[in-house]
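To keep things clear, I will list the structure first and then write my remarks on it.
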Amino acid sequence: MKHIFIGGAWPYANGSLHLGRLASLLPGDVLARYFRSKGDKVLYVSGSDCHGTPVAVQAGQEGIEPGAFAGRYHEAFAACFEKLGFSYDLYTRTDRPSHHETVQELFLRLLERGCLYPKTVLQTYCETDRRFLPDRYVEGICPVCGKQARGDQCDHCSTLLEPSDLKERTCKLCGNAPVERPTEHYYLALSRFQEELSRYAERAKGWRDNAVQITKRYLKEGLQDRAATRDLSWGVDVPLAGFADKKIYVWIEAVSGYLSASKQWAAQTGERWEPFWVGGEGEVTSYYVHGKDNVPFHTLIWPAILLGAGGLHLPDRILSCEHLTLEGRKFSTSRNWAVWVPDLLARYEPDSIRYFLIANGPEHRDADFSWREFIHSHNGELLGAFGNFVQRTLAFVQKSFDGAIPEGELPARWETSLEELYRSTGNLIEGGRLKEALEGVFAFVRQANKYFDEQKPWL
């Protein structure tokens, strides 16, 4: 029996769940259900990312605590995933004490092993709002592609950024140009892992092409050390004297949720988390499922943290979806441009949504959502092919055999075809090629429908 770890990306708890986010998360549930059916030991975890300035700012505007604000969306996310049939072993949240403890333990371990170091830097400060600005609250022009970007990452070209890299910087809160002030922070010595991560990436198997290409690009450009703390009011405390007004950087602590969630699951169930994290080669396979925006955090930053901490299993398979767009534009919670999952669930069945996202989603290239295609995928494929085959078979059994399935003999070519379908579908699922797997199943369904018509058993 193998141990299979599946980590689903953590949706940010500052707005409703939209279809673009769901498209990037659904493969994780498909994998979990598949491996459990094989008899493997599966641990499938995720949770709501409850920290960060957007949560704190929006909570302040409503006059409530950040935890209560994030909790509203956490509960909504959990309800959506339950309705959609997601089979998480644990869906948790990052503002739990157990998560804070795990993150702080990792931070101190990295510090002890020389992977973190203090550095006085100039950080963006808004004189109008009288606060240091989180990276995401500095906006400007990306120096690489020339498009609008945030101070942590450009969504257009996936470049990791510092606020100082941006041109024509403005504060997202007030729109004024910020200044820079000195402040002390700890940095993750990512550059020290350049050779080790290069070897790791070269050995990697089962990564989607976007993950391979994005990771190669960063390694070719040379890894840069990255801030591990920030001047924030809401997040995981830095466990060091003199840093009471600072928090552990959200991108460092959010990915650590995979480990903290595993430990929480173990504490709640009496199971052991270690076989999923410290097993020998071949004993455990880990899958990380997310959108391509998160590739460098899962192929470089999280592996660097695991290597720095020592003795923990690195990601094996990276299933990073491309973008799902709406009328050619990327889904966006902050810009209120999306198809919201709660609204979709109020009108359509979960299986219709799941089928559409697997069959037509952004597995290997960007995909544009349209209501016409959504309706066609249900009526023409899910209902027209599979539903038709099931309904006509059951109706025939009921009419001709009083609802009792008679003894029969499966023709050899159909038995061989079925066995091959099981093998090929399983191999494709394990390789993260869900769309091909589903196409193979439906090709078989169409063949069966044709065979039914040719044989005319009702005569």
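Here are the numbers for the structure shown:
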{"item": "Cβ-Cβ under 6 Å pairs, at least 6 apart or on other chains, region 429-451 side at negative phi, far side surrounded by 18 or more Cβ atoms within 10 Å (Cβ to Cβ) and assigned to a loop (DSSP other than H, G, I, E, B)", "result": "435/363"}
{"item": "Selected residue (only one of 69, 77 is of a type in the set (Phe, Trp, Tyr), within 30 Å of residue 241 (Cα to Cα) and either buried (at least 21 other Cβ atoms within 10 Å of the Cβ) or outside the structural domain of residue 260 (by TED's automatic domain parsing) (or both))", "result": "69"}
{"item": "Checklist (1) outside the structural domain of residue 30 (by TED's automatic domain parsing); (2) surrounded by 11 or more Cβ atoms within 10 Å (Cβ to Cβ); (3) of a type in the set (A, V, I, L, M) applied to residue 357, failing item", "result": "(1)"}
{"item": "Any hit, region 392-407, residues being at pLDDT 95 or above and either exposed (fewer than 15 other Cβ atoms within 10 Å of the Cβ) or of a type in the set (A, V, I, L, M, F, W, C) (or both)", "result": "no"}
{"item": "Residues (surrounded by 12 or more Cβ atoms within 10 Å (Cβ to Cβ), part of a helix (DSSP H, G or I), out of contact with any Lys or Arg (no Cβ under 9 Å at 6 or more places or on another chain) and among the charged types (D, E, K, R)) located in region 429-459", "result": "435, 436, 439, 446"}
{"item": "Unique residue being at pLDDT 95 or above and on the phi > 0 side of the Ramachandran plot when the list is 270, 257, 311", "result": "270"}
{"item": "Qualifying positions in region 235-250 - surrounded by fewer than 23 Cβ atoms within 10 Å (Cβ to Cβ) and either among the aromatic types (Phe, Trp, Tyr) or assigned to a helix (DSSP H, G or I) (or both)", "result": "243"}
{"item": "Qualifying residues in region 34-52 (those that are assigned to a helix (DSSP H, G or I) and in contact with a Gly (Cβ under 9 Å, 6 or more places away or on another chain)) - the one farthest from residue 68 (Cα to Cα)", "result": "38"}
{"item": "Test: residue in region 411-424 that is touching a Lys or Arg at 6+ places or on another chain (Cβ under 9 Å), outside the structural domain of residue 292 (by TED's automatic domain parsing), at pLDDT 95 or above and not aromatic (Phe, Trp, Tyr)", "result": "no"}
{"item": "Qualifying residue in region 208-228 (condition: in a helix (DSSP H, G or I), in the same structural domain as residue 106 (by TED's automatic domain parsing), within 30 Å of residue 366 (Cβ to Cβ) and in contact with a strand residue (DSSP E or B) (Cβ under 6 Å, 6 or more places away or on another chain))", "result": "yes"}
{"item": "Search result, residues across region 109-143 that are aromatic (Phe, Trp, Tyr), farther than 18 Å from residue 168 by Cβ and in contact with a Ser or Thr (Cβ under 8 Å, 6 or more places away or on another chain)", "result": "132"}
{"item": "Condition check for residue 168: touching a strand residue (DSSP E or B) at 6+ places or on another chain (Cβ under 8 Å) and either in contact (Cβ under 8 Å) with a residue 60 or more places away in the chain or part of a loop (DSSP other than H, G, I, E, B) (or both)", "result": "no"}
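The values are calculated or read from the model by the stated rules, or taken from the named source; none is laboratory data. This is a predicted model, so every value here is computed, not measured. FYI the Cβ positions are ideal-geometry reconstructions off the backbone, even for glycines, and counts take in every protein chain you see.
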